[in-house]
Amino acid sequence: MKKDSFEYNINEIDMIIEKLDGGELSLDESIKEYEKAMKLLKKSSDLLNKAEGKIIKVSSENNNISLEVEENA
């Protein structure tokens, strides 16, 4: 899994949630992990917004199918 990919970020967030749910972290450690998770969520949101800017449009015209990719990023 590529670092800084959406999938990587989600996996890291899942691991942080498990740590926080475990209840074995100190308050300071919990806050640091929470901050890390929030940064990963922001990166993931940015990646989703970028992907949303790419629109794949399938249209059929005269029995021909064409793909058009538009980028609004």
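Would you pick out the residues in region 42-67 that are at pLDDT 60 or above and open to solvent by less than 80 Å² (accessible area, probe 1.4 Å)?
Within region 42-67, Ser44, Ser45, Asp46, Leu47, Ala51, Gly53 meet the criteria.
Please work out which one of (1) at pLDDT 95 or above; (2) of a type in the set (A, V, I, L, M); (3) in contact with a Phe, Trp or Tyr (Cβ under 7 Å, 6 or more places away or on another chain) is the condition Met38 fails and give its number.
(3)
Can you pull out the residues in region 17-33 that are surrounded by 12 or more Cβ atoms within 10 Å (Cβ to Cβ) and in a helix (DSSP H, G or I)?
So in region 17-33, the residues surrounded by 12 or more Cβ atoms within 10 Å (Cβ to Cβ) come out as 17, 19-20, 25, 29-30, 32-33.
Passing the criteria: Ile17, Lys19, Leu20, Glu29, Ser30, Lys32, Glu33.
Just to be sure before I move on: is Asp14 among the acidic types (Asp, Glu), modelled with pLDDT of 95 or more and not in a loop (DSSP other than H, G, I, E, B) in the structure I sent?
On the way: among the acidic types (Asp, Glu): yes; modelled with pLDDT of 95 or more: yes; not in a loop (DSSP other than H, G, I, E, B): yes.
It is true that Asp14 is among the acidic types (Asp, Glu), modelled with pLDDT of 95 or more and not in a loop (DSSP other than H, G, I, E, B).
For region 1-33, which residues satisfy the criterion of being among the hydroxyl-bearing types (Ser, Thr, Tyr) and over 21 Å from Leu48 (Cα atoms)? Quick ask: steps written out before the conclusion?
Keep residues of region 1-33 that are among the hydroxyl-bearing types (Ser, Thr, Tyr), which gives 5, 8, 26, 30.
Of everything in region 1-33, those that are among the hydroxyl-bearing types (Ser, Thr, Tyr) and over 21 Å from Leu48 (Cα atoms) turn out to be Ser26, Ser30.
The values are calculated or read from the model by the stated rules, or taken from the named source; none is laboratory data. Note that the structure is predicted; figures quoted are calculated from it, not measured. Here Cβ is always computed from backbone atoms with ideal geometry, including for glycine, and neighbour counts include all displayed protein chains. Surface areas here come from the heavy atoms of the whole protein model, side chains and all, with no ligands, DNA or RNA. Shrake-Rupley method; radii C 1.70, N 1.55, O 1.52, S 1.80 Å.
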